[in-house]
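Working notes, beginning with the structure itself.
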Amino acid sequence: MARENHEALTKVWCRELASPKLPRPLRVQCNPARLMSTGAKIDKASIAARPCFLCEANRPEEQQSLALNGEFEWLVNPFPILTNHYTIAFKQHHPQRFLDAYEAMIQATKALPEEYIVFYNGPKCGASAPDHLHLQAGIAKDIPLIAYTKSLPQEGSVQAIAPFGYLAYLVHNAEDSSAFRQLYETLPIPEEEH
């Protein structure tokens, strides 16, 4: 399954969207092979009815892992959006909450070559595993939003951007967690998403 889906990345198409409100066009992509996971049902009943595919006992037999630390492990993402797309999964079944993965994000960033990026998708962003704590990693140049952010002037250690109305935060110095924690504590985050 993973091999076929990684080969399907050759069928991804991209388009640039321009707006006078943006400093440069924003590149977006369509990956038809990703429809199965991005279109997955993530309501509570659907999640409760399926085994968690990030838990070791439910993974395909051929899925291998590599330890990141005592709590997280690297997995090849079987439904990639990027070349060299990895999932960094918590070893125990645990809700998707960012602060629980922050230190692992820094460790993973340090472990990878400079051209990689590590990122977090919240439980309501359309990810197909909102019930299991995980991060993702891939080559930064393949992520349209990263190319867009490189055209922006850097403002401080944490920067909020909102291309096309979607809010994102850039952490320019991940090791300076004080600025990020201060920002995180000011965000209006519903209790179930902490």
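The values are calculated or read from the model by the stated rules, or taken from the named source; none is laboratory data. Source: prediction; values computed, not measured. Here the Cβ is made from the backbone with ideal geometry for all residues, glycine too, and neighbour counts use every protein chain on show. Remember, those area values only see protein heavy atoms, side chains included, never the ligands or the DNA or RNA. Shrake-Rupley method; radii C 1.70, N 1.55, O 1.52, S 1.80 Å.
Here is the short version for the chain: C14, C30, C125 have no other Cys C-beta closer than 4.7 Å. For region 1-113, the fraction of 1.4 Å probe accessible surface lying on carbon and sulfur atoms is 56 percent.
Only helices enter the 222 nm calculation for the chain: every DSSP H run of n ≥ 4 contributes -39,500 (n - 2.57), and dividing by all residues gives -5500 deg cm²/dmol, rounded to 500. Between A160 and W13, full extension at 0.36 nm per residue minus the direct alpha carbon distance yields a gain of 50.2 nm. Number of Lys-Lys pairs in the chain with C-alpha atoms under 17 Å apart and a separation of 8 or more places or on different chains: 4. Roughly speaking, what is the stretch gain from A57 to Q29, that is 0.36 nm per residue apart minus the C-alpha to C-alpha distance, in nm to one decimal? Separation in residues times 0.36 nm, less the Cα-Cα distance, equals 6.8 nm. With the convex hull of the Cα atoms taken as the outline of region 1-114, the averaged projected area works out to 9.7 nm². Take each peptide in 177-186, 76-85, 41-50, count the other Cβ atoms within 10 Å of every residue, and average; sorted highest first, the result is 76-85, 177-186, 41-50. Which whole-number value in Å² is the accessible area per residue of region 1-131, probe 1.4 Å? Accessible surface, normalised per residue, equals 62 Å².
Dividing the mean sequence gap of close Cα pairs (under 8 Å, 6+ apart) by how many residues the chain holds gives a relative contact order of 20 percent.
Each of A101, V28, Y116 was placed along the dipole of the chain (beta-carbon charges, centred on the mean Cα), and the one lying farthest toward the positive end is V28.
Placing +1 on the Cβ of every Lys and Arg and -1 on the Cβ of every Asp and Glu, with nothing else charged, gives the chain a dipole about its Cα centre of roughly 740 debye.
Rg/Rh, computed from the Cα trace of the chain with Rh as the Kirkwood radius, has the value 0.94.
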